[in-house]
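Structure first, commentary second.
The values are calculated or read from the model by the stated rules, or taken from the named source; none is laboratory data. The structure presented is a predicted model; accordingly, all values stated were derived computationally and were not measured. Reconstructed Cβ throughout: ideal geometry from the backbone, glycine too, with neighbour counts over all protein chains shown.
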Amino acid sequence: MSLLGVPLLVGTVLLTVAVTVVSVWVGGRLRGPALWQGVRRAALVLLCQACAVLTVAVVVNGQYEFYATWDDLVGSGSGSGGGGVVLTPLTPPGDGPVRGAGGAGAGAGVAGGLRSVPFGRDGVRVVRYSGPRTHVEADVYVWLPPQYDQPAYRRTLFPVIELLPGYPGSVHNWFTMLDVTGLLMREMANGQARPAILVAPTMQLVPGLDTDCTDIPGGPSAETWAAWDVRDMVTANFRARKDGAGWAAMGYSEGGFCAVKLAVQHPRRYAAAVSLSGYFTPTAPAVTRSPALLRANDLLRVLGERRPRVSLLVMGTRQDADTAQDVMRLRDVVRAPTRVFSSILPTGGHNYGIWGSMLPAAMKWISQELDAPPRPRP
């Protein structure tokens with residue numbers, strides 16, 4: 001049974017009304033000791049509240065499409081199972097972007113001024129950083145591949161994947177809910193991915209303010225924070241590639257919009273972007289209330305006018321109808337040399353379960369799009 005649509009909503013509303021009416025009728029006819037009557041009346045009240053909460057949950061789920069089916073809710077559905085995702089290119093590989101040269105070089109190491117603390121058990125570090133351009137001070141999560149500390153790679157500059165979260169939500173969900181480090185380790189062991197530095201910046205820069213990764217007049221400057229401050233911090237303090245061909249962005253939900261936006265608006269700084277159930281027209285009131293800001297950040301309009309040399313992978317599901325429609329809209333406006341690959345899965349809602357099923361194919365794709373790191377020197 002679908003968890004989206006009118007039938008379930010009508011059913012939960014009718015259930016709530018019926019339970020309330022029956023509870024009132026039963027409550028007025030209870031007999032016995034006063035304490036026992038109070039316990040039973042409290043149980044009836046809790047039952048009514050549970051039905052009301054269920055109705056609200058159905059309304060919220062219908063609005064945001066978190067779960068599309070019961071399998072989706074309990075976690076037994078897996079979309080296409082990751083490995084079964086078919087990526088459909090819009091333009092032939094020969095029309096891809098021209099990459100800059102890579103190359104090894106002496107890395108800067110970790111600057112003494114950076115403060116960091118460990119997060120979890122996978123070697124993730126949390127850096128508290130204040131951006132010189134934006135004056136934003138926020139946490140940035142950094143993970144270095146095992147090869148980073150191996151002597152054979154001591155002069156290697158590694159590509160970087162910038163990970164962006166949805167809104168609302170914490171950026172550390174990349175490492176907890178999605179276990180992106182474990183996935184990348186498995187893909188590297190299988191020869192399906194190359195070593196890369198993972199960087200996940202905090203994007204909710206003001207509590208309760210949704211920026212859609214946009215520089216909001218009067219602050220915060222979320223786009224500049226992600227595309228400039230965070231990037232410059234990484235390249236200055238870690239052995240990371242500085243050329244645009246060595247950087248990619250990936251995000252889920254609003255983070256998918258952010259990832260594509262960074263690549264499209266800054267094609268010299270990013271080679272590729274992945275959107276997992278993202279959209280491509282701003283939705284945050286802080287952006288949409290300004291016609292000029294909305295036009296400048298509507299990626300469908302921007303890509304209709306400009307053709308940046310970047311590669312995009314956009315993914316969605318048919319049951320998450322809005323994102324599936326946005327995938328098709330994006331495909332309609334993109335022209336070479338911009339490349340777009342797409343995948344629309346038949347089932348799945350808007351949640352970590354479906355993003356986790358998309359992630360293996362996305363990680364393989366993004367690894368292929370990034371230039372191969374140079375061979376380690378003996």
> Taking region 194-204 as the region of interest, how many residues are aliphatic (A, V, I, L, M) and more than 13 Å from Pro146 (Cβ to Cβ)?
Replying inline: 3
> Which fully enclosed helices (runs of 4 or more DSSP H) of region 219-299 have 3 or more residues being in contact (Cβ under 8 Å) with a residue 24 or more places away in the chain and surrounded by 22 or more Cβ atoms within 10 Å (Cβ to Cβ)?
Replying inline: 230-237, 254-265
> Which is aliphatic (A, V, I, L, M), in contact with a Pro (Cβ under 9 Å, 6 or more places away or on another chain) and in contact (Cβ under 8 Å) with a residue 24 or more places away in the chain, of Val124, Val206, Val142?
Replying inline: Val124
> Using beta carbons and a limit of 9 Å, which pairs, at least six apart or on different chains, have the first residue in region 349-360 and within 20 Å of Gln325 (Cα to Cα) and part of a loop (DSSP other than H, G, I, E, B) and the second one β-branched (Val, Ile, Thr) and modelled with pLDDT under 90?
Replying inline: Gly349/Thr69; His350/Thr323
> Filter region 300-322 for residues that are in contact (Cβ under 8 Å) with a residue 60 or more places away in the chain and of a type in the set (Val, Ile, Thr); which is surrounded by the fewest Cβ atoms within 10 Å (Cβ to Cβ)?
Replying inline: Thr317
> Restricted to region 166-187, and to residues that are within 13 Å of the chain's Cα centre (by Cα) and among the small types (Gly, Ala, Ser), which residue is surrounded by the most Cβ atoms within 10 Å (Cβ to Cβ)?
Replying inline: Gly166
>> Can you pull out every residue in region 179-204 that is of a type in the set (A, V, I, L, M, F, W, C) and in contact with a strand residue (DSSP E or B) (Cβ under 8 Å, 6 or more places away or on another chain)?
In response: Val180, Leu184, Ala196, Ile197, Leu198, Val199, Ala200, Met203
> Which ones in region 161-212 are among the aromatic types (Phe, Trp, Tyr) and closer than 25 Å to Leu299 by Cα?
Replying inline: Tyr167, Trp174
> Any idea which of Asp332, Asp326, Asp371 is of a type in the set (Asp, Glu), modelled with pLDDT under 95 and under 22 Å from Ile161 (Cβ atoms)?
Replying inline: Asp371
> Which is at positive phi and of a type outside the set (Val, Ile, Thr), of Ser275, Ser290, Ser253?
Replying inline: Ser253
> What are the residues in region 335-368 that are charged (D, E, K, R) and either modelled with pLDDT under 90 or more than 20 Å from Met188 (Cβ to Cβ) (or both), if any?
Replying inline: Arg335, Arg339
> Among the residues of region 323-345, which ones are free of Cβ contacts under 8 Å to residues at least 24 places away in the same chain and small (Gly, Ala, Ser)?
Replying inline: Ala324
>> Condition first: of a type in the set (Ser, Thr, Tyr), within 23 Å of Leu370 (Cβ to Cβ) and modelled with pLDDT under 95. Can you find one or more residues in region 158-174 that meet it?
In response: no
